[in-house]
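A quick write-up on the structure given underneath.
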Amino acid sequence: MGTPWGVAFSSNHHWAVADWINHCVYIFNEQDQLVRKFGSRGDGAGQFDSPSGVSFDDDNFLYVVDGNNHRVQKFDLTGHYILHFGRKGSNDKELNGPVGITVHHNKVYIADRRISVYQTDDTYCFSFGSRGDGPMVDSEGHCIQSFQLDGTFIHKFGTRGSDEGQLTWPSSITVDPNGFILVTEKNNHRVSIFDKNYNYIHSFGSKGTGNNQFCLPHGIAIALNGSVYISDGKNKRIIIY
């Protein structure tokens, strides 16, 4: 791997990784064996320029954030291109350097300098948030913010730093079945865990190349068996807990 970024699991136990440097996507099976690699650098259908976030929908279609092409592409598990949505800009139906993504109940939530929401058939729904220090910032705010699915702000937690409960360049987030919130911190080279009430629990990891060490961790996802998969960007690997 060049720089593994986003990680996501399908309901049939396959999982995907976006490679930011190699401009491709890897598909692995339940035994963590590579079964497919697709994509190359470019702006055509099925090509990427710095892909980052990945997410599966309920029908196991894969959505890949194609950052420098300012779009999201949709594929089946064989890597067959289905469609894309978004184009460069800051108006409705436009994206500007998108990074993160999640799919929930046939709606696709895409993070760039705001959150844009689409149907899985590429129909634009609405956007919310803007760049700044109000109730919507990206990792530059060194915090986590929660929203209702309609974009209503709920809560914000975290401040910049490396002490307990602080964050520095949080890059990805996931929630386990018990409601615990796991956050990868790119510049703190660790994962911090909070409970469902946003209280800090503990962190693990430190900078390095050994076991339980990271160098610029990015994506995080939880498998159906409860294992946690973390993309360890600079170390060019996936670490499993």
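The values are calculated or read from the model by the stated rules, or taken from the named source; none is laboratory data. Note that the structure is a prediction, hence the values are computed from the model and not measured. Note: ideal-geometry Cβ built from the backbone for every residue, glycine included; neighbour counts use all protein chains shown. These accessible areas exclude ligands, DNA and RNA; they are computed on the full protein's heavy atoms, side chains included. Shrake-Rupley method; radii C 1.70, N 1.55, O 1.52, S 1.80 Å.
Sorting the segments 32-41, 224-233, 17-26, 52-61 by their residues' average number of neighbouring beta-carbon atoms within 10 angstrom, most packed first, yields 17-26, 52-61, 224-233, 32-41.
Ignoring aspartates and glutamates fewer than eight residues from Lys186 along the same chain, the ones with Cα atoms less than 12 angstrom from its Cα are Glu140, Asp232. Looking only at the stretch 17-40, which residues have a backbone nitrogen under 19 Å from a spot 7 Å from the Cα of Asp122 in the C-beta direction? Those under the cut-off are 39-40.
Beta carbons within 10 angstrom, averaged per residue: use that to sort the peptides 75-86, 194-205, highest first.
Details: 75-86: 16.1, 194-205: 14.2.
So the order, starting with the most tightly packed, is 75-86, 194-205.
Heavy atoms only, probe 1.4 angstrom, no DNA, RNA or ligands counted: give me Trp5, Trp169 ranked by accessible area, highest first. Please report the intermediate quantities before stating the final value.
On the way: Trp5 45, Trp169 70 Å².
Reading off the accessible areas and sorting them downward yields Trp169, Trp5.
Work out the FRET efficiency for Ala45 and Ser146 from their Cβ-Cβ distance, taking R0 = 35 Å, and round it to the nearest 0.05. Kindly include the intermediate steps, with their values, before the conclusion.
Working: r = 35 Å, r/R0 = 1.00.
Between Ala45 and Ser146 the formula returns 0.50.
In the chain, the sites counted are GluC sites (Glu not before Pro) in DSSP loop states with at most 15 other Cβ atoms within 10 Å, and the longest stretch holding none of them, exclusive of the sites, is 31-163.
Taking all protein chains into account, the per residue accessible area for the chain stands at 46 Å² (1.4 Å probe).
By how many nm would the segment from Glu30 to Arg160 grow when fully extended, if each residue of separation counts as 0.36 nm and the alpha-carbon distance is taken off?
Working: separation 130, 0.36 × 130 = 46.80 nm, distance 3.68 nm.
Going from the current span to full extension adds 43.1 nm.
Packing around the peptides 170-179, 148-157, taken as the average count of other Cβ atoms within 10 Å per residue, puts them in this order, highest first: 170-179, 148-157. The overall shape of the stretch 88-241 is prolate: from the C-alpha gyration tensor, with semi-axes ordered a ≥ b ≥ c, the ratio a/c is 1.5 or greater and a/b exceeds b/c.
What is the percent carbon and sulfur in the accessible area of the chain, measuring with a 1.4 Å probe over the protein chains and ignoring ligands?
Working: 5140 of 11190 Å².
Taking all protein chains in place, the chain shows 46 percent carbon and sulfur surface.
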